[in-house]
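Every number here is computed from the coordinates shown, using simple stated rules; none is lab data. Here the structure is a predicted model, which is why all the values come from computation and not from measurement. Cβ sites come from the backbone with ideal geometry, for glycine too, and all protein chains shown count toward neighbours.
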Amino acid sequence: MRIRIVNKSRHKLPAYETAHSAGMDLRAMTEGQVTLLPLERKLIGTGLYIELPAGYEAQVRPRSGLAIRHGITVLNSPGTIDADYRGEIGVILINLSDTSFIVNDGDRIAQMIIAKHEKAEMIETEEINLTERGAGGFGHSGKK
């Protein structure tokens, strides 16, 4: 699949880092350092604009290394970029740690996954078919 992309940043295009990577790293485009205080969230630009084909979305997800080492994650994870969106890709980062975190220009801040999706038609009805599970959710199957 080929995706048209405009790169207004000073950084290389997103790319897969290994042969079987699902996500491509997104890099911050900042003027100088951006400080994220504990529990603070900020929109970080990437300087990237993409043109996805109909039937696809780009998902913006956290990077596991930032999450485990620094408590930095993507707030609306996964963030969805729709096929008809033409604005800059932005990443809402949040600092869930108890120390400040610095984002520098060019830092890898998130990953982007391209995914195919279906369109569903909702059909209103008075009832839905029952299953063995029923309404059980949020831990209904226990801890072990």
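Among A110, A54, A19, the residue with the largest mean-square fluctuation in a Gaussian network model of the chain, with springs joining Cα atoms closer than 10 Å, is A19.
Here the relative contact order of the chain, from alpha carbon pairs under 8 Å that lie six or more residues apart, stands at 31 percent.
The Cα center of segment 6-52 and the Cα center of segment 71-135 differ in position by 15 Å.
Maximal additional length on extending the D105-R69 stretch stands at 11.0 nm, based on 0.36 nm per residue less the C-alpha distance. Basic side chains Lys and Arg get +1 at the Cβ, acidic Asp and Glu get -1 at the Cβ, and with that the dipole of the chain about its Cα centre reaches some 720 debye. If the segment from Y85 to N7 were pulled out straight at 0.36 nm per residue, it would be longer than the present Cα-Cα gap by 26.5 nm. For the chain, modelled as a Gaussian network with Cα springs under 10 Å, which listed residue fluctuates most, M112, M122, M24? Greatest mean-square fluctuation among the candidates belongs to M122. Between K116 and F138, the modelled label-to-label distance comes to 3.5 nm, taking each label 7 Å out from Cα in the direction of the beta carbon.
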